[in-house]
Amino acid sequence: MSRHYDVIVIGTGPAGLSAATLLTKMGLNVLALDEQQRPGGQIYRNVEGAGEARLNLFGPDYSVGLELVNEFRAANVNYEGGASVWQVEADGRICYSKDGKSSRISANYIIAATGAMERPVPIEGWTLPGVMGAGAANNLAKEAGLTPKGKVVLAGSGPLLLLEASILLKKGVEIAAILETTDLIPPADSVTKLPQALMGWKLLYKGTTMLWELQKAGIPHYRGVRNIRALGADALSGVEATVKGETLNFDADLLLLHFGVIPNTHIFRQAGCQMVWDEKLRYWYPSCDSWGRTNFEKIFAAGDGCRVHGAVAARHKGTLAALEIACCLGMIPESERDDLAEPVLKALRQDNLPRPFIDAMYAPKPSHFTFENETVLCRCENVTVGDVRKVLDEGVRELNEVKIITRCGMGPCQGRMCGPALAEIVGEYLSLEPDQAGLLVVRPPLKPIPLSEVAAMDLGDGGTDGGNWLLDKK
Ligand SMILES: Cc1cc2nc3c(=O)[nH]c(=O)nc-3n(C[C@H](O)[C@H](O)[C@H](O)COP(=O)(O)OP(=O)(O)OC[C@H]3O[C@@H](n4cnc5c(N)ncnc54)[C@H](O)[C@@H]3O)c2cc1C
């Protein structure tokens, strides 16, 4: 028997938590699903199980998640952790897998609050054991209290790189170097955006304090770094990079890479939502109105999944989507929706004040990346940058054609790890912006699941939709 809800919320980070809590409190039948075992999302990962020491380590920006999760628990939202959504349909149906069993359920509205992911940038040696994302190290620390051993190098760009460095410093980890690809001279447009950013000074104060602490600890910190290479035969042994034309070498047991975060858009793309290319930040996001409604009436986007604005903004965006849906379902009139939304919109505007400055400071530039022919681009299918350039040499001109011929983006991660760089490589070769080179098509299942699980599924009242519904997508 299929299950039907008023609203299904996918993702229980700040956006999903605020949306699901508010809608449940309003008396709606809401189901919140998340592939993590516990609510919290990326920033508040495992905050319920953190304990005092971990709460102190990650500071007040982490502890605030406890209030949000407690409110969610107190509201008694129907919640399933360890539940991976692998298909979303525009008519409000979804498929998800939990404990080895897949189910197909439906709702009047879906809020996809799937957050952000680290921007994957392939560098030479990034597949070696000992190289991982800085966000992944952050996740392991929050999830399991793990601390890296040995010498650590952090490389890339963006506030989260420095945040991770400052956390490692507090833990007493030996940081061999911080290698930032950010330009030596701040971009001109960051200067013009500084006065507005100063009106939302808390974030800037936090960043400046972090930088000061890293400097005080004497950690070698370079900007304008290029050509980062992870060295080693079977595992990482060192890191090489150039700074102002000079080659630097560092011994390292762990290299943490981070090149900023981009919206996690796979669900929107698989459902067929209209996507927009942000030329400055070089990422795709789903087109939506100020409530988060996509081009599909029933699908809403909330949080970093529809543009990376951080945890506080994510929480507000979740509330706005919930208010509009509550209004659509007749729980509140438009006037009440607007009254309740007013302070949220004001808080959102206040929170966004520093954002243009941060974006200008850390906006990725194609010149920051060098893609070498020998570098493995698609880790799932073992496709190199050179393999891609070879088919371009042969006349292929579109991203999905490159995918079909090389299998780049066809593996279990469905292009999550190679897609953004593939677009940059194709765009660079054809002298086009990546959006003109196309966007990888995403098909269900979004996450690998055994065929036996699909075969055993109860399709509910919708039946089989004429048979091959799993594959019958654009
Ligand atoms: C690895 C990483 C670490 C980060 N750490 C920090 C930090 O320490 N401090 C900070 O200020 N910002 C951090 N950020 C940025 C931070 O993620 C956001 O600002 C904030 O968490 C956004 O909230 P959200 O609700 O939009 O999404 P998130 O908090 O990212 O929550 C999204 C949730 O959706 C779930 N989800 C995604 N796809 C599916 C699916 N198919 N099925 C089921 N569930 C799904 C995920 O498991 C996740 O729990 C981090 C980002 C990343 C990528």
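Might you check whether a residue that is among the hydroxyl-bearing types (Ser, Thr, Tyr) and either away from the ligand (no atom under 16 Å from the Cβ) or touching a helix residue (DSSP H, G or I) at 6+ places or on another chain (Cβ under 8 Å) (or both) occurs anywhere in the range 209-218? The answer is no, given that none of the residues of the range 209-218 is among the hydroxyl-bearing types (Ser, Thr, Tyr) and either away from the ligand (no atom under 16 Å from the Cβ) or touching a helix residue (DSSP H, G or I) at 6+ places or on another chain (Cβ under 8 Å) (or both). Listed by position, the strands (runs of 3 or more DSSP E) contained in the range 115-177 that have at least 2 residues being surrounded by 23 or more Cβ atoms within 10 Å (Cβ to Cβ) and of a type in the set (Val, Ile, Thr) are 151-157.
Name the one entry in 44, 5, 96 that is touching a residue at least 40 places away in the same chain (Cβ under 8 Å), within 14 Å of the ligand (Cβ to nearest atom), among the aromatic types (Phe, Trp, Tyr) and outside any loop (DSSP other than H, G, I, E, B). The unique qualifying residue is 96. Quick check on my filter: what residues within the range 295-304 are of a type outside the set (A, V, I, L, M) and either part of a loop (DSSP other than H, G, I, E, B) or surrounded by fewer than 16 Cβ atoms within 10 Å (Cβ to Cβ) (or both)? Across the range 295-304, the qualifying residues are 295, 296, 297, 298. Residue 38 meets the conditions (1) open to solvent by 70 Å² or more (accessible area, probe 1.4 Å); (2) touching a residue at least 40 places away in the same chain (Cβ under 8 Å); (3) over 25 Å from residue 103 (Cβ atoms) in every case but one. The failed one is (3). Taking the listed residues 90, 19, 15, 107, the one that is in a helix (DSSP H, G or I), among the hydrophobic types (A, V, I, L, M, F, W, C) and either more than 11 Å from the ligand (Cβ to nearest atom) or more than 29 Å from residue 145 (Cβ to Cβ) (or both) is 19, with no other qualifying.
Can you pull out the helices (runs of 4 or more DSSP H) entirely within the range 328-447 that have at least 2 residues that are touching an Asp or Glu at 6+ places or on another chain (Cβ under 9 Å) and within 30 Å of residue 187 (Cβ to Cβ)? Passing ranges, in order: 355-362, 419-430. Residue pairs whose Cβ atoms lie under 7 Å apart, separated by 6 or more positions or on different chains, with the first residue in the range 313-326 and of a type in the set (Ser, Thr, Tyr) and the second within 11 Å of the ligand (Cβ to nearest atom) and open to solvent by 10 Å² or more (accessible area, probe 1.4 Å), are 319/18. Among the residues examined, residue 189 does not qualify as closer than 28 Å to residue 254 by Cα and surrounded by 14 or more Cβ atoms within 10 Å (Cβ to Cβ). Only residues in the range 390-408 that are closer than 15 Å to residue 378 by Cα count as the first member; pair them with residues that are open to solvent by 20 Å² or more (accessible area, probe 1.4 Å) and of a type in the set (Asp, Glu), Cβ under 7 angstrom, at least 6 apart or cross-chain, and list the lot. Once the first residue is closer than 15 Å to residue 378 by Cα and sits in the range 390-408, its partners that are open to solvent by 20 Å² or more (accessible area, probe 1.4 Å) and of a type in the set (Asp, Glu) give 406/387; 407/381; 408/381.
Can you tell me how many residues in the range 49-60 are surrounded by 15 or more Cβ atoms within 10 Å (Cβ to Cβ) and assigned to a helix (DSSP H, G or I)? Going through the range 49-60 one residue at a time, the tally reaches 4.
The values are calculated or read from the model by the stated rules, or taken from the named source; none is laboratory data. The shown structure was predicted, so the numbers you read here are calculated from the model rather than taken from an experiment. No Cβ is skipped: glycine too gets one built from the backbone with ideal geometry, and neighbour counts run over all protein chains shown. We work out accessible area using only protein heavy atoms, side chains counted, and drop any ligands, DNA or RNA first. Shrake-Rupley method; radii C 1.70, N 1.55, O 1.52, S 1.80 Å.
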